[in-house]
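What follows draws every value from the coordinates through simple rules; no lab data is involved. Remember, it's a predicted structure, so these values are computed and weren't measured experimentally. In this analysis, Cβ positions are derived from the backbone assuming ideal geometry, glycine residues included, and neighbour counts consider all displayed protein chains.
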């Protein structure tokens, strides 16, 4: 197992150092979840073909390269997820409010015990009180540990692909500042440090198993918006932001030769939108804009081999583009047609940052439904179709759709049972290679869980 990287906890230490001894309410929840996953490593079931001319790294054979998660054999397993979550908030006199939500978990695999791992999901935040700052100013510090999928190609909730990240954020600015009649402005700055921490596995795994990689970076963002209250039910807005990404460490499973010069960049976006309440039971919003990206450094020339009609090859020197752009839009409808019934429809296209730092574009359509069958029994269902790819085009995208259903029964006010099913089907457009995990797969996940909560414990 690789050693974990240094985690930057300065924000957490600073925040906890300000805490006073005043009593605060603590909420504790805990639970156990039993999961059956029929495709642990999201395999296609086809053993990958060694590319012609491939030479394995020194000390390895070709067989070493075919790890347990791309050997052509689909692995399934039962996983026990044990977790506890603690949340509290504390006033720090006139200085601010310290809030914390910390969740610890352990994923225990029945057969593949070398995949056993810990998870940490927490958000500790310090918000400055209004008494400390002039009107309309805000300032906050937070530390966020998150466990989740290794990259965009990983189906949500895949236990064997869980990695840990840490994000520290300092934010300050102006909000809800009156500019003119019915017009308010917002202007803010965020400084973010993001660290990829890897997998918190509990034991060494086979040497030839591919370990998840990711990149670390700083992000400086300046964002502004204007919001116009057209009437009591409709708001119009225009917004813009620019972010400078500076990468300190670059690691990638799909592109081992990736460098910071290929990732350091400015990302810009401009958009306009509308929010409207059609009625008390139906609300909607829409937004459209453009995302731009510009590399800080001029990319190095690439040599491309072109095959001629007579079978000969010609080498062409090409300078990659240092700018890219893509359309961004979103739409959302939230409805509560009856008491106890909820539905939401979301359509989004946006650009973002993948685990290794690459710029990605994602388009998705999602529908979620919820129904209170009785006072104690709730039903939920959802579906999502998603396309994604690196860069600024979806012409050669990977496509994925997912379905889910769940039932939750409240035994008491603080004890509940739940059960559900998740299904994912992914179609990778690109040709699979020997290291890429962006591939075809199909997976089913079934789970049952029991959750208990304790409220009002003095802190």
Review point. If you count, for each residue, the other Cβ atoms within 10 Å and average over each peptide, how do 116-126, 225-235 line up from highest to lowest?
Key: 116-126, 225-235
Practice item. Show me 254-263, 144-153, 381-390 ranked by packing, highest mean number of other Cβ atoms within 10 Å first. Key: 144-153, 381-390, 254-263
Revision key, fill the gap. Place a point 7 Å from the Cα of residue 46 in the direction of its beta carbon; the residues of the range 381-404 whose amide N falls under 20 Å from it are 388, 396-401
Check your understanding: So, by mean Cβ neighbours within 10 angstrom, what's the order for 174-185, 413-424 with the highest one leading?
Key -> 413-424, 174-185
Check your understanding: So how do 27, 32, 154, 55 line up by other beta-carbon neighbours within 10 Å, fewest first?
Key -> 55, 32, 27, 154
Revision key, fill the gap. The distance between the Cα centres of the range 371-432 and the range 168-199, in whole Å, is 30
Check your understanding: What is the fewest-to-most order of 314, 169 by other Cβ atoms lying within 10 Å of their Cβ?
Key -> 314, 169
Exercise for review: Obtain the nm distance between the two label points defined at residue 130 and residue 220 by a simple spin-label model: each point lies 7 Å from its Cα along the Cα-to-C-beta direction.
Suggested key: 3.2
Check your understanding: Spin-label point model (7 Å from Cα, Cβ direction): what's the residue 137 to residue 371 distance in nm?
Key -> 5.3
Exercise for review: Compute the distance in nm between two label points, each set 7 Å from the Cα along the Cα-to-Cβ direction, one at residue 89 and one at residue 259.
Suggested key: 4.9
